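Notes to accompany the following structure.
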Amino acid sequence: GGGKMKVKKPQDTKKAIARLMGYLSEDKGRLIFVFFCVIAGTIANLAGSYMLRPIINGLTGEGSSAQKLLHSLLTMAGIYIIGVTAQYLQQRIMIGVSQGALEKIRNDLFVKMQHLPVRFYDTNNHGDLMSRFTNDADNVLQVMEQSVLQCVSALFTFVGIVAMMLYLSRILFLVTLVMLVLTLLVFKQLGGKSRNYFAKQQAALGALNGNIQETIEGLKVVKAFTHEDQAKETFNELNENFRAAASNASFFGTCIMPVSGNLTNIGYAFTAAFGGALAILGGFDIGGLVAYLTYSKQVSQPM
């Protein structure tokens, strides 16, 4: 069998990412429309949460009426409908853009392989090469279809939420800022370990696929030399390596959300207590407090 293909980082990460994003930019018209949908959806979600302030103040303050309440509720409903529509359009269009980009990537990859020398195929694992078209291509698709859009959306959402929180209460934002720093530290630790194990998982999967493919291809040779026990031992070792890497990757990957969620809940409790004291002392309106608490629950999600 061939040697194991080494999995390593690109020599120029920025250049590699720019090259990958270049496949997406070939469909600039739809990509620009997706960008505006992201902005519209973000603004709609921020505005919908802020509508809690006039609604609650209208109920608790003087001059409240059923007509004003109905008008505010209808406005909020309209805002959220705009947000849902924008999110649907951005997801629907991005799927088409990313699928088209992946088609070009697979075509370029296949054409490239036709021009590689025979020595390349003699020194690289065939299963690893197959993984480039299957597992690795599917991960690239996930990045283009979901991760890119999520990163852009998260950036606008985070900036927008922080701006609204500062607008509502700079004093309360100091409490939130402490929890944001703690959450960032948690993301850095868990995210780093998760990233390393996911890289090991992909390498182990390529080695496992290569072993399966080569064993099946050379099954007659395996039987002719009674190599079945050694083949099973090699497969079990590679399978165990993949299981261990995949388990660790999934564990650290799934830990991020529960841990950050608990930190958010703790921060919410401190913010609610401090904000309640400000409201009692007359320095903060009830509607503003409710709107701020809504943003405080949402601020860690983009991170």
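The values are calculated or read from the model by the stated rules, or taken from the named source; none is laboratory data. Predicted, not measured: the structure shown is a model, and the values here were computed from it. Neighbour counts run over all protein chains shown; Cβ positions are idealised from the backbone, glycine included. SASA here: full protein model, heavy atoms, side chains in, ligands and nucleic acids out. Shrake-Rupley method; radii C 1.70, N 1.55, O 1.52, S 1.80 Å.
Return yes or no: is Y80 open to solvent by 80 Å² or more (accessible area, probe 1.4 Å), modelled with pLDDT of 90 or more and within 20 Å of L293 (Cβ to Cβ)?
So Y80 fits the description; yes.
Please verify whether the stretch 41-58 includes one or more residues that are under 22 Å from M21 (Cα atoms), open to solvent by 90 Å² or more (accessible area, probe 1.4 Å) and assigned to a helix (DSSP H, G or I).
Taking every residue of the stretch 41-58 in turn, none turns out to be under 22 Å from M21 (Cα atoms), open to solvent by 90 Å² or more (accessible area, probe 1.4 Å) and assigned to a helix (DSSP H, G or I).
Here are the criteria: (1) open to solvent by 80 Å² or more (accessible area, probe 1.4 Å); (2) within 24 Å of I17 (Cα to Cα); (3) not β-branched (V, I, T). Tell me which single one Y167 does not satisfy.
(2)
Is it the case, given these coordinates, that V143 is without any contact (Cβ under 8 Å) to a residue 12 or more places away in the chain, out of contact with any Ser or Thr (no Cβ under 6 Å at 6 or more places or on another chain) and β-branched (V, I, T)? If you could, list the steps in order and put the result at the bottom.
Values: without any contact (Cβ under 8 Å) to a residue 12 or more places away in the chain: no; out of contact with any Ser or Thr (no Cβ under 6 Å at 6 or more places or on another chain): yes; β-branched (V, I, T): yes.
Here the answer is no, as V143 does not meet what is asked.
Among the residues of the stretch 11-29, is there at least one that is among the hydroxyl-bearing types (S, T, Y) and modelled with pLDDT under 80?
Yes, there is a match, as at least one residue in the stretch 11-29 is among the hydroxyl-bearing types (S, T, Y) and modelled with pLDDT under 80.
If M303 meets every condition in (1) under 23 Å from A163 (Cβ atoms); (2) among the hydrophobic types (A, V, I, L, M, F, W, C); (3) open to solvent by 90 Å² or more (accessible area, probe 1.4 Å) apart from one, which number is that one?
Of the numbered conditions (1) under 23 Å from A163 (Cβ atoms); (2) among the hydrophobic types (A, V, I, L, M, F, W, C); (3) open to solvent by 90 Å² or more (accessible area, probe 1.4 Å), the odd one out for M303 is (3).
If I filter the stretch 217-226 for residues that are farther than 30 Å from A245 by Cβ, surrounded by fewer than 20 Cβ atoms within 10 Å (Cβ to Cβ) and polar (S, T, N, Q), do I get at least one hit?
Among the residues of the stretch 217-226, at least one is farther than 30 Å from A245 by Cβ, surrounded by fewer than 20 Cβ atoms within 10 Å (Cβ to Cβ) and polar (S, T, N, Q), which makes the answer yes.
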